[in-house]
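K.L.:
After the C-alpha cells below, expect a handful of questions from me.
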Amino acid sequence: MDDSEIVLKKTPLYDIHVKYGAKIIPFAGWEMPVQYKAGVVDEHMAVRTGAGLFDISHMGEISIKGKDSLDFINYLLTNDYSDIEDGQARYSPMCNEKGGCVDDVIVYKKGQDDYLMVVNAANKDKDFAWINSHKTDDIQADVEDISDSVAQIAVQGPDAISIVEKICKAEDIPENYYYACFDRDILGFDCIISRTGYTGEDGVEIYCPPEAAAPVWEKLIEVSEGKLIPCGLGARDTLRLEAGMPLYGHEMNDDISPREAGLGMFVKLEKEADFIGKDALVKAGDPKRGKIGLKVTGRGIVREGQDVYKDGKKVGVTCSGTFLPFLKGAYATALVDAGVRELGSVYEVDVRGRRVECEQVKSRFYKRA
Amino acid sequence: MRDERDLRYSKTHEWVDMSDDNTAYIGIDDFAQSEMGDIVFINLPDVGDTVEAGEVFGDVESVKAVSDLISPVSGKVIEVNEELIDNPGLINEEPYEAWMIKVEDAQEADGLMDRAEMDSFIENEK
C-alpha cells in the first residue's frame, strides 16, 4: 500500500494542538504534536522545573475482565500480578516464546476480576491479536480493545499535582506513585486519575472519555495561570530518555529480551505461574548482551542505530540517543556485549563515519531530587 | 545587522552574503532553523579547507535530527564562527547574524535565488 493511502487518526485534542501552534507529525498511525511553539528544549525544561501537559490519547487500552483474568495476565506478562491491590498499577514486559518483547505495558487492577492494560500505540493491534491468540477456550476472560473510547492526558512536573488539585477533589489524586483512583469526576466526566508518567517527574495521567479531553485540557491550562506548558512527543522522548526509561522499538523489541534491556527486575522467573517466554529466558541464562548508558564526551550527537566500539572492536549498537536538555549534553543508550560493560569505561560510537568518544554512565541519567 | 533582503539563497536553505571582493559569509535561513527546532550541535570545516558548491560542508543537529549543510559556494574557508560551536542556539535566535563560515574567492552555485524568489519557493514547498 502506498503511504498516502494510510488515513492517520486524530486524537480528540487535534484541533487544540493546531490552535496552540503545534507541529504535527505522523506517529504510530496518528497525527500527533511533536512540539509546540516553545520548542522541545523549553517544553522539556518546563516539565523538570514547573509542569507540562501532554496528549497521550494515542496509547492503547485493553480491558481484561472475568474469572480467569488474573491468571491470564500472569501467563501473558513476565511480572507477577498475584499480589496487586485494587487501584494499583504495575509495569511489565510482555514476552514472545523466544523471550523477546512483544510490548511493554502497564496493568491496573480496577477491582476483582477487572483489569486495564495500557499498551504502546504502535503495538496496540499486534498486542490485541497476540493476547487473543493465547486465550484458549478454557480461559474465562473477556478481552476488549477499548482504545477508541479512552483519551489520555498527562500532567507532569513538580507543579503538576498542585494544578490538577484545582480541577478535582484532593482525595481523587492517589497519594502513592503507581496507584490510580477510578471513576472520579472531572468537569462532570467519569475519569481515572493515575499517579504515573513517562518523564521521571511526579505527576498524573488522566484517562477520560474522548469528549472530555478538550474541556479538561483547556481547564487545566486555565487554572494553571500560565504555569502549564503544552508538550509534544519530542519532549516526551527526551524526558523519558533522560530519566532512563525504555521505549519499545529502541531499548527492546521482538528480538531483545527484557533482561538484555535492563528490565530484569520486571521478569519474575520465580513466580508460581508459568508465563510466555519463561522457558526461553531460563534457557538463555545470563544475558550475553546488555543495556548501558553512554555520556558523549567527544564532539557530536549520538543517535539510535550507530555502531559502538571498545578498544577498536565493535561491541554493540546504540538504541536511543540525542541531546538531553536538562543535563545539557548528548547521551545515548546502547546494547553491548555483556562482558565489556563497566561504569566509567570508554567507548567510541560511529557517528556517520566519525568516531565520537563516550563514557559509560548509569543509564538513569537524571534522577529527581 | 545583515539585511536578509540582500542575501542570496539556495533551495536547501543556506544563505550567502557576498561582498565585492568575492568573500562570502554562509549561514542557514530562518525557514531552516524553524523547521529544525532547537539546534544543539554544529560541525564545521577547518580554516584552510575548501568547500564545493552543492557539496556537504558540515552538519547541524537539533534535538530531533541531523541535517547536512550544503555549500552554496565554492572556495577556501578563511574563518569559522567559533561562537556557534560553543552556542549553536544562536542560529535559532538570529539566523542571519549567525554566519557559519567565511569563504574567499567564492564562486556561487548555479540557481541561487534572491529573497523574493526564495519566498515564493518556500510558499510552493509548503
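FYI, it's all coordinate maths here, none of it is from the lab. These numbers were taken from a predicted model, which means no experiment stands behind them. With ideal geometry, Cβ positions are generated from the backbone for all residues, glycine too; neighbour counts draw on all protein chains shown.
K.L.:
Looking at the protein assembly as shown, send over the antiparallel percent of its DSSP beta bridges, to the nearest 5.
P.N.:
95 percent
K.L.:
Before anything else, pin down the relative contact order of the stretch A:288-369: Cα pairs under 8 Å, at least 6 apart, normalised by residue count, whole percent.
P.N.:
Relative contact order here is 38 percent.
K.L.:
Identify all lysines with a Cα-Cα distance to residue A:314 below 22 Å; exclude those on the same chain that are fewer than 8 residues away in sequence.
P.N.:
Cα-Cα hits under 22 Å: A:288, A:291, A:295, A:362.
K.L.:
List the residues whose amide H sits under 5 Å from the amide H of residue A:103, counting only those 5 or more places along or on another chain, with H placed 1.01 Å from N in the peptide plane.
P.N.:
Hits under the 5 Å cutoff: A:94.
K.L.:
Work out the charge dipole of the protein assembly as shown with +1 on the Cβ of Lys and Arg and -1 on the Cβ of Asp and Glu about the Cα centre, then indicate which of A:151, A:353, A:296 is farthest towards its positive end.
P.N.:
A:296
K.L.:
Going by average Cβ neighbours within 10 Å, how do the peptides B:16-27, A:306-317 rank, with the highest at the top?
P.N.:
For the peptides B:16-27, A:306-317, the packing ranking is B:16-27, A:306-317.
K.L.:
Residue-wise, which Karplus ³J(HN,Hα) couplings in Hz belong to the stretch A:143-151, taking 6.51 cos²θ - 1.76 cosθ + 1.60, θ = phi - 60°, and x for glycine or proline?
P.N.:
Along the stretch A:143-151, the couplings run 10, 9, 7, 10, 4, 5, 9, 10, 9 Hz.
K.L.:
Pairs A:9/A:65; A:23/A:98; A:126/A:310; A:19/A:109; A:219/A:328: which exceed 30 Å Cα-Cα?
P.N.:
A:23/A:98; A:126/A:310; A:19/A:109; A:219/A:328
K.L.:
Calculated FRET efficiency, residue A:352 and residue B:50, Cβ-Cβ r, R0 30 Å, to nearest 0.05?
P.N.:
Approximately 0.90, to the nearest 0.05.
K.L.:
Also: Around residue A:307, under 13 Å between beta carbons, what's the net of Lys plus Arg minus Asp minus Glu among the other residues?
P.N.:
Around residue A:307, the surrounding residues sum to +3.
K.L.:
Something else: Quick one: 3J(HN,Hα) in Hz for the stretch A:301-315, Karplus 6.51/-1.76/1.60 with θ = phi - 60°, rounded, Gly and Pro as x.
P.N.:
Karplus-based 3J(HN,Hα) across the stretch A:301-315 equals 10, 7, 10, 5, x, 9, 6, 10, 10, 9, 6, x, 10, 5, 10 Hz.
K.L.:
Name the most mobile residue of A:293, A:226, A:249, meaning the one with the largest mean-square fluctuation, in a Gaussian network model of chain A with Cα contacts below 10 Å.
P.N.:
A:226
K.L.:
Under a point-charge model restricted to the Cβ atoms of Lys and Arg (+1) and Asp and Glu (-1), what is the dipole moment magnitude of the protein assembly as shown relative to its Cα centre, in debye to the nearest 20?
P.N.:
1800 debye
K.L.:
Only bridges with both residues in the stretch A:225-369 count here: give the DSSP antiparallel percent, nearest 5.
P.N.:
So the antiparallel bridges in the stretch A:225-369 amount to around 95 percent.
K.L.:
How would you rank B:51, A:7, going from fewest to most other Cβ atoms within 10 Å of each one's own Cβ?
P.N.:
Least to most surrounded, the residues fall as A:7, B:51.
K.L.:
Taking R0 as 25 Å, what FRET efficiency do you get between residue A:171 and residue A:25 from their Cβ-Cβ distance, rounded to the nearest 0.05?
P.N.:
0.05
K.L.:
Can you give me the long-range amide H partners of residue A:119? Hydrogens built in the peptide plane at 1.01 Å from N, cutoff under 5 Å, separation of 5 or more residues or another chain.
P.N.:
Long-range HN contacts for residue A:119: A:60, A:61, A:62.
K.L.:
From Cα pairs below 8 angstrom and at least 6 apart in sequence, can you work out the relative contact order of chain A, rounded to a whole percent?
P.N.:
This gives 18 percent for chain A.
K.L.:
Starting at the first residue of the stretch A:240-250, write each ³J(HN,Hα) from the Karplus equation 6.51 cos²θ - 1.76 cosθ + 1.60 with θ = phi - 60°, in whole Hz, x for Gly and Pro.
P.N.:
These are the phi-based 3J(HN,Hα) values: 5, 5, 4, 7, x, 9, x, 10, 4, x, 10 Hz.
K.L.:
Using the Cα centre of the stretch A:60-146 as the reference point, and only Cβ charges (+1 on K/R, -1 on D/E), how large is the resulting charge dipole? Debye, rounded to the nearest 20.
P.N.:
The dipole magnitude comes to about 200 debye.
K.L.:
Sticking with this one: For a footprinting-style exposure proxy, rank A:90, A:352 by other Cβ within 10 Å, fewest first.
P.N.:
Ranking A:90, A:352 by Cβ neighbours within 10 Å, fewest first, gives A:352, A:90.
K.L.:
Mean residue ellipticity at 222 nm from the helices of chain B, using -39,500 (n - 2.57) per DSSP H segment of n ≥ 4 over the full residue count, to the nearest 500 deg cm²/dmol?
P.N.:
Computed ellipticity for chain B at 222 nm equals -5000 deg cm²/dmol.
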